[in-house]
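Any read-out appearing in this document is the output of simple, stated calculations on the displayed coordinates, not a laboratory observation. Predicted model, so just to flag it, every value in this text is computed and none were measured. Glycine gets a Cβ as well: all are built from the backbone with ideal geometry, and neighbour counts include every protein chain shown.
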Amino acid sequence: MADKSQRVNYDYKPYVPFNVPMFLFIPEIVTTKGSTKKIYPENGILIYCSFRTFGGTEKVINGLLSVENTAVIETWYRPDIKSDCRLRDLNGVDYEILGTPENINVRNQFMRIKIRAVHGGA
């Protein structure tokens, strides 16, 4: 058996503090006349996270290069954060979750979420 000084610690530890406040909006699914619709509440739940943008993500749309406003956030684990939730920063920018939030090391301690700014338009 290896002594404690030879053991390797593989536990994840965030290297930046969770000091960015964001609001979490968990949708309510409403069925009306056979169609389902997500309705987000007026007030969100305050969470704290780290926020990194890496300059966004480049995309080619109709032959033109554009930059999509994406970011990666890390926060404390919450089982109610799912891919249909929305987040809002203090500047009022709404973000949608891309993919499934990652439960880091499946320890139910921290999670990593890739998000994209929601833009209105025609």
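Out of the residues in the range 28-67 meeting the condition of being hydroxyl-bearing (Ser, Thr, Tyr) and touching a residue at least 12 places away in the same chain (Cβ under 8 Å), tell me which one is surrounded by the most Cβ atoms within 10 Å (Cβ to Cβ). If you could, list the steps in order and put the result at the bottom.
We begin by selecting, within the range 28-67, every residue hydroxyl-bearing (Ser, Thr, Tyr); these are 31-32, 35-36, 40, 48, 50, 53, 57, 66.
Pick out the ones that are also touching a residue at least 12 places away in the same chain (Cβ under 8 Å) and you get 40, 48, 50, 53, 57.
On the way: 40: 14, 48: 12, 50: 18, 53: 13, 57: 15.
If we take residues in the range 28-67 being hydroxyl-bearing (Ser, Thr, Tyr) and touching a residue at least 12 places away in the same chain (Cβ under 8 Å), then 50 is surrounded by the most Cβ atoms within 10 Å (Cβ to Cβ).
I'd like to verify a number: residues in the range 37-87 that are on the phi > 0 side of the Ramachandran plot and among the aromatic types (Phe, Trp, Tyr), how many?
Counting residues in the range 37-87 that are on the phi > 0 side of the Ramachandran plot and among the aromatic types (Phe, Trp, Tyr) gives 1.
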- request: Evaluate the range 100-114: report whether one residue or more is surrounded by 15 or more Cβ atoms within 10 Å (Cβ to Cβ), touching a residue at least 24 places away in the same chain (Cβ under 8 Å), of a type in the set (Phe, Trp, Tyr) and within 18 Å of residue 23 (Cβ to Cβ).
  value: no
